[in-house]
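Take a look at the structure set out below.
No value in this document is a laboratory result; all are computed from the given coordinates. Because the structure is a prediction, the values reported are computed rather than measured. For neighbour counting, all protein chains shown are included, and Cβ atoms are generated from backbone atoms with ideal geometry for every residue, glycine included.
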Amino acid sequence: MLARRSARIEEGLFVVEGAVLISEALRGGWDVLAQYRTAGASTVGGCEADDFVLGEGVLERVASTESPQPNMALVSRRTASLAKLEVAATGVGSPWVLFLDAVSDPGNLGTILRSAEAMGAAGVVLGSGSVDAFNPKVVRASAGALFHVPVVEGVTLGDVKALGYRVLATSSHDQSNSQSLVDANLDGAVCVVLGSEAHGVSEASAPLVDGWVRIDHAGRAESLNVAMAATIINYEISRRRK
């Protein structure tokens with residue numbers, strides 16, 4: 001049932017598979033409600049949730065992968081509020097956030113969360129049309145980053161800009177007077193908009209953009225995978241901050 005986005009939202013729960021990811025959820029302070037495991041697996045420590053041992057073949061029928069790990073948990077679904085980004089924008093330092101404009105591939109979102117958390121982004125905002133952060137594939141691809149970087153849903157790019165963030169958007173080529181990432185001004189509170197690979201930044205977001213940046217490359221490809229682009233941008237901003 002929790003394989004459906006609507007069910008995860010309605011129930012306020014999502015599934016975490018694997019002892020490592022369950023441990024990361026606990027380390028991040030998330031509420032683990034129940035653990036399930038095969039007879040030969042050990043329960044993940046540091047958790048007071050009910051622990052259920054499953055019969056042979058049960059885990060394989062309910063897991064989202066063909067060769068599931070022997071541990072699974074139900075975790076309370078939660079997202080950060082816009083106020084979390086406002087605190088970052090008005091606090092000490094120069095925070096940056098990512099705004100994902102209809103990024104629909106779960107593997108891409110998981111990787112983006114992973115690089116955002118690793119490089120120190122203040123948060124990731126999921127714009128309209130983006131994949132659910134609690135999709136099982138996103139949870140796995142994030143490698144635990146989901147439990148440590150704030151994820152905000154249900155807000156617009158205008159809401160983020162109103163907090164004081166300067167909005168930069170990515171371009172796959174030289175358009176709208178775009179600047180190379182290495183030359184762009186990345187100072188202050190910055191919100192970087194990443195669009196889908198198929199359509200780029202949406203027409204609704206474009207009027208709110210203060211500047212366009214591109215990642216120059218020598219190969220024949222017109223553009224980079226959106227998760228790769230996000231990783232490079234996260235690294236460059238982090239490098240500048242240091």
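Translational diffusion of the stretch 140-242, estimated by Stokes-Einstein from the Kirkwood radius over alpha carbon pairs at 37 °C in a medium of 0.692 mPa s, is 223 µm² per second.
Using only Cα coordinates, the Kirkwood hydrodynamic radius of the stretch 1-105 works out to 15.9 Å. Placing one equal scatterer on every Cα of the stretch 83-223 and applying the Debye formula, the log10 ratio I(q)/I(0) at q = 0.13, 0.15, 0.17 Å⁻¹ is -0.54, -0.73, -0.94. Placing dummy labels 7 Å off each Cα toward the beta-carbon, the span from residue 86 to residue 128 is 2.3 nm. Dividing the mean sequence gap of close Cα pairs (under 8 Å, 6+ apart) by how many residues the stretch 90-242 holds gives a relative contact order of 30 percent. Separation of the stretch 72-93 and the stretch 43-67, taken as the distance between their Cα centroids, equals 28 angstrom. Cβ-to-Cβ counts within 10 Å put 235, 165 in ascending order as 235, 165, the fewest first. Of all beta bridges that DSSP places with both ends in the stretch 82-241, some 5 percent have antiparallel geometry.
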